[in-house]
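Peer 1: Structure provided below as structure tokens; questions to follow.
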Amino acid sequence: MGLEIDQLLLGRFGVFCYLVTEPRSREALVVDPGAEPRRILMQICKREARLRWIVCTHAHPDHVGAVAGIKSETGAPVVLHRKEARTMGRLSHRLLVRLMGGKPPPKPDLLVEDGDGLRIGSCKVRILHTPGHSPGGICLLAEGNLFSGDTLFVGGVGRTDLPGASWEQLCASLRQKILCLPGSTRLWPGHHYGSLPTSRLEEERIQNPFIREIIAVSGQDSERSVSEKR
């Protein structure tokens with residue numbers, strides 16, 4: 001029996017929030033509660049789930065506006081990468097969250113690093129640190145499902161023209177952490193920017209122009225490295 005995954009499109013900025021429930025234990029985690037806390041809580045009740053974790057793939061205001069509301073109702077700990085914690089605590093960040101219609105999030109309860117894991121029932125959820133869109137951006141990998149935040153979209157990738165962003169880092173994250181995963185891995189992005197709300201990595205390798213470019217450049221680098229060794 002696989003994970004139960006509810007994909008919720010929330011708020012003015014169209015953030016995808018995910019409720020991921022392990023069916024036997026009914027333990028669950030929420031990924032990127034960006035807005036509409038009541039709607040998320042209703043889905044948790046509908047699933048008869050017990051929320052274990054509130055995970056933010058990064059600290060950008062459009063992804064954290066409902067964290068406070070979910071935590072106050074469930075008591076679930078807030079999980080964030082260590083490099084995003086400082087951003088979350090800034091006054092300017094809190095003001096931006098309010099301007100976007102959300103409530104400033106509380107201090108994270110658990111700061112994670114690459115390779116750390118969270119458990120919901122018998123399922124281990126692995127943390128992949130994927131900087132590029134933001135310094136502490138993460139993806140979550142669970143039973144063949146990749147919750148990619150703003151690192152990778154259906155048909156696109158995260159923007160790198162924001163403070164702390166880096167195109168070179170994003171390319172490295174995609175090459176080293178995501179494109180090495182099986183092609184059957186199901187992609188659950190942080191926004192509905194593509195033609196479909198979900199995809200598989202094998203499809204992104206073929207159809208996503210950014211991924212095709214990264215693969216092509218990686219191939220050229222590999223050929224150059226082999227040539228230099230001869």
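Peer 1: Return the pair list, or none, for Cβ contacts closer than 7 Å from residues in the range 183-209 that are of a type in the set (V, I, T) to residues that are part of a helix (DSSP H, G or I), at least 6 apart or on different chains.
Peer 2: The qualifying pairs are T185/L201.
Peer 1: I'm checking my understanding of the structure. Among residues of the range 141-184 that are hydrophobic (A, V, I, L, M, F, W, C) and touching a Ser or Thr at 6+ places or on another chain (Cβ under 6 Å), which one is surrounded by the fewest Cβ atoms within 10 Å (Cβ to Cβ)?
Peer 2: Within the range 141-184, the match that is surrounded by the fewest Cβ atoms within 10 Å (Cβ to Cβ) is W167.
Peer 1: Now for a different question. Select from the range 116-131 the residues that are in contact with an Asp or Glu (Cβ under 6 Å, 6 or more places away or on another chain) and free of Cβ contacts under 8 Å to residues at least 60 places away in the same chain and list them in ascending order.
Peer 2: Within the range 116-131, I127, H129 qualify.
Peer 1: Which condition does G137 not pass, out of (1) at pLDDT below 95; (2) within 23 Å of L179 (Cβ to Cβ), if it passes all the others?
Peer 2: (1)
Peer 1: If we keep just the residues of the range 74-98 that are assigned to a helix (DSSP H, G or I), in contact with a strand residue (DSSP E or B) (Cβ under 9 Å, 6 or more places away or on another chain) and not polar (S, T, N, Q), which is modelled with the lowest pLDDT?
Peer 2: Among residues in the range 74-98 that are assigned to a helix (DSSP H, G or I), in contact with a strand residue (DSSP E or B) (Cβ under 9 Å, 6 or more places away or on another chain) and not polar (S, T, N, Q), the one modelled with the lowest pLDDT is M88.
The values are calculated or read from the model by the stated rules, or taken from the named source; none is laboratory data. Because the structure is predicted, anything quoted here is derived from the model rather than measured. Here the Cβ is made from the backbone with ideal geometry for all residues, glycine too, and neighbour counts use every protein chain on show.
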